[in-house]
Structure formats: structure tokens, C-alpha cells
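A short write-up of the structure that comes next.
The values are calculated or read from the model by the stated rules, or taken from the named source; none is laboratory data. Since we're looking at a predicted model, the values are computed, not measured. As a convention, Cβ positions derive from the backbone with ideal geometry for all residues, glycine included, and neighbour counts pool all protein chains shown.
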Amino acid sequence: MVSAVFHSPPQAPPTAGLAPQPAQPAPAPALSTPRTPPATPAASAWSRRLWLALLPPLCGLGLLLGVWALVSTATGHSIPTPQETWAQARQVFSDPFYRNGPNDQGVGWNVLASLQRVALGFGLAALVGIPAGFVIGRFPFLQRMCNPLVSLLRPVSPLAWLPIGLLVFKGAHPAAIWTIFICSIWPMLVNTAIGVQRVPQDYMNVARVLQLSEWKIATKILLPAVLPYLLTGVRLAVGTAWLVIVAAEMLTGGVGIGFWVWDEWNNLNVKNIIIAIFVIGIVGLLLEYALVKLATALTFEEVRT
């Protein structure tokens, strides 16, 4: 039969004296279990870097929550627990932009009011401090003239300038902007002047040989060399301004995150005070992060936080 030809193996002729043995079936192939392909070295290294990047912040956050819970227990829950504060935060941020009157507004409006004051005071300080730093660093006579003034006025606490602002401007809002201005101008002025002084003398000699004007010297030679120092001063000024505005608003009142903290203290609402502390820290962190990214994009040097 045809099926016997293709499916039955050929049998050897029987040996004399021995009975023919039946054909043995071929053994079935062993089933192999599927194996998971090993992780590539690139994927393993990426997951390790991600884990190393996330683990320290998570440990720090866990330590903060643990200490917070212990302090809350030790004080007889006069300081709210993290769970209670989280529940209150969900309620506060469910409607952060409500308005029930001039002194009863959501946390979003208060943060925006504080940022507006910081932007105005900081902008005025940049318009004055950065050009003044270029001029002071450029001319030795002005440097020797202004050094005693800067050394005298820079260590003064920013809040000491607040009564002067109230006396001159006759209003809480311009007085707060004045306080931001006076505390923000010194980091930008000093860092810009130091950057101008550290420009290599060879650059200035080339400018003198080419008979460049002061405007071209400032824009073509000084500005690219001074930019890292200038941006460092800007970062310091913004951080100082955000710190000062909270204290200034506590004293002047009105609308702002500092006033919101003081108002919640008058209402003995400690949960909202803790929420405001976290809001102030997060906003300051975002401002710092934005300025670091700006400095990294505009300079060739690595900017470290």
C-alpha cells in the first residue's frame, strides 16, 4: 500500500532463527517550556537609574511624614496629623478661586496676588540693578565710590524698609513692592559687578585696539561673559523676593499668601497654615526650577542647584 511505503520504516530481512521484531514507534519530541527573554542591559540600566532617582526623595518624604506624625502625637494633636491636613487640602483646592468678599478669597487668588507683587518689585530691581552692576564693574572710580554704600545697605533686613515704604507711598500695596525692590536689587547688582570685573583683560585690550564703543563693549564682550554671574544674581534675587513678600504681606494685610497665613492664624486654623507652608515651598521650588532651566539654556556652563 502507498501509505505503508511513506509511513512505515523499511524493515530488515529476518535473521535466521529469530522471529521478526515489530517496528518501534519514534519517540515524541520533548515539549520545551518558553523562556522569557533576558532584559537588555540598556533597560536594566534605565530602571536602575530611575530607582536611584526616586528612592532618595521618597525616603525624605517618608521621613518628613513620620516626624510630622510623631510631633502631632507628642503635642496632643494641637498640630494636625498628615491625614487631617490632606483632607483639609482636598477641600481647599476643590475651589481655589472662590470670592466671598475682599478678605475671603481662595488660595489661588492669594498666590496670584503675591506673584504679581514679586514680579513688579523684581522687574523694577532688574531694570535698575543690572545696568548699575555693569557700570560699577566697568569703571573703577564708581566701584570704589559705591562699595561703602552697598556694604552698608545690603545687610539691612528687608522688613526694616517696609515702614519707609509706608511713609513714602502711603499704601500697603506699593510699600510691599518697594520692599521687594530693595531686597532684590543687591544680589543682581553685586553679582553683575563681580562678573564684569572678572572679564579677562585680553578681551578689553582687543576692544580698545578695535576702538569699540561702550555700547558694543557692553553687548558684544561683557554681556556674554557676565551672563552666568547675572543669572546667579537673578536666582538669588527671586528667592529672596519670594521669602520677603510673605512676611511683608503679614504686616500690610490685603490679599496675598502671607496675609492668608496670618488670617488663618487669627482664625486658629492650623491646617490651612500648614497647607500655606507647602504652597509657599512649592511655588518657590517652581520658580527656582524655571530659573535653573533658563540659566542652563542661556549659558554653556552647567548650572547646579
Open item on the list: Quick check on my filter: what residues within the range 233-250 are over 17 Å from residue 127 (Cα atoms), of a type outside the set (Val, Ile, Thr), in contact with a helix residue (DSSP H, G or I) (Cβ under 7 Å, 6 or more places away or on another chain) and surrounded by fewer than 24 Cβ atoms within 10 Å (Cβ to Cβ)?
Closed with: 239, 242, 247, 250
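Return yes or no: is residue 26 in a helix (DSSP H, G or I) and modelled with pLDDT under 90? Don't jump to the end; show me each part of the working.
Values: in a helix (DSSP H, G or I): no; modelled with pLDDT under 90: yes.
Taking the combined requirement at face value, the residue does not satisfy it.
Need a quick list: helices (runs of 4 or more DSSP H) entirely within the range 168-274 having at least 3 residues that are free of Cβ contacts under 8 Å to residues at least 40 places away in the same chain.
Numbers: elements: 172-197, 201-209, 223-252, 257-266.
Qualifying helices (runs of 4 or more DSSP H): 201-209, 223-252, 257-266.
Here is a check on your reading of the model: is residue 281 assigned to a helix (DSSP H, G or I), in contact with an Asp or Glu (Cβ under 6 Å, 6 or more places away or on another chain) and either surrounded by fewer than 17 Cβ atoms within 10 Å (Cβ to Cβ) or of a type outside the set (S, T, N, Q) (or both)?
On the way: assigned to a helix (DSSP H, G or I): yes; in contact with an Asp or Glu (Cβ under 6 Å, 6 or more places away or on another chain): no; either surrounded by fewer than 17 Cβ atoms within 10 Å (Cβ to Cβ) or of a type outside the set (S, T, N, Q) (or both): yes.
Judged against the criteria, residue 281 is not a match.
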Open item on the list: Which pairs turn up if I take residues in the range 133-148 that are buried (at least 16 other Cβ atoms within 10 Å of the Cβ) and look for partners that are outside any loop (DSSP other than H, G, I, E, B) and among the hydroxyl-bearing types (Ser, Thr, Tyr) with beta carbon separation below 9 Å, at least 6 apart in sequence or on another chain?
Closed with: 133/192; 133/229; 134/192; 136/192; 137/192
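Inspect all residues belonging to the range 81-95 and state whether any of them is of a type in the set (S, T, N, Q), within 21 Å of residue 268 (Cβ to Cβ) and loosely packed, with under 10 Cβ neighbours inside 10 Å.
To start, the set of residues in the range 81-95 that are of a type in the set (S, T, N, Q) comprises 81, 83, 85, 88, 91, 94.
After this cut, where a residue has to be within 21 Å of residue 268 (Cβ to Cβ) as well, the list is 81, 83, 85, 88, 91.
If we keep only those that are loosely packed, with under 10 Cβ neighbours inside 10 Å too, we end up with none.
No, the range 81-95 has no match at all.
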- [ ] Please give the number of the condition residue 241 fails out of (1) of a type outside the set (Phe, Trp, Tyr); (2) closer than 21 Å to residue 93 by Cβ; (3) modelled with pLDDT of 90 or more.
- [x] (2)
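Would you check if residue 35 is in contact with a strand residue (DSSP E or B) (Cβ under 8 Å, 6 or more places away or on another chain), modelled with pLDDT under 90 and basic (Lys, Arg)? Quick ask: steps written out before the conclusion?
Details: in contact with a strand residue (DSSP E or B) (Cβ under 8 Å, 6 or more places away or on another chain): no; modelled with pLDDT under 90: yes; basic (Lys, Arg): yes.
When the stated conditions are applied, residue 35 does not pass them.
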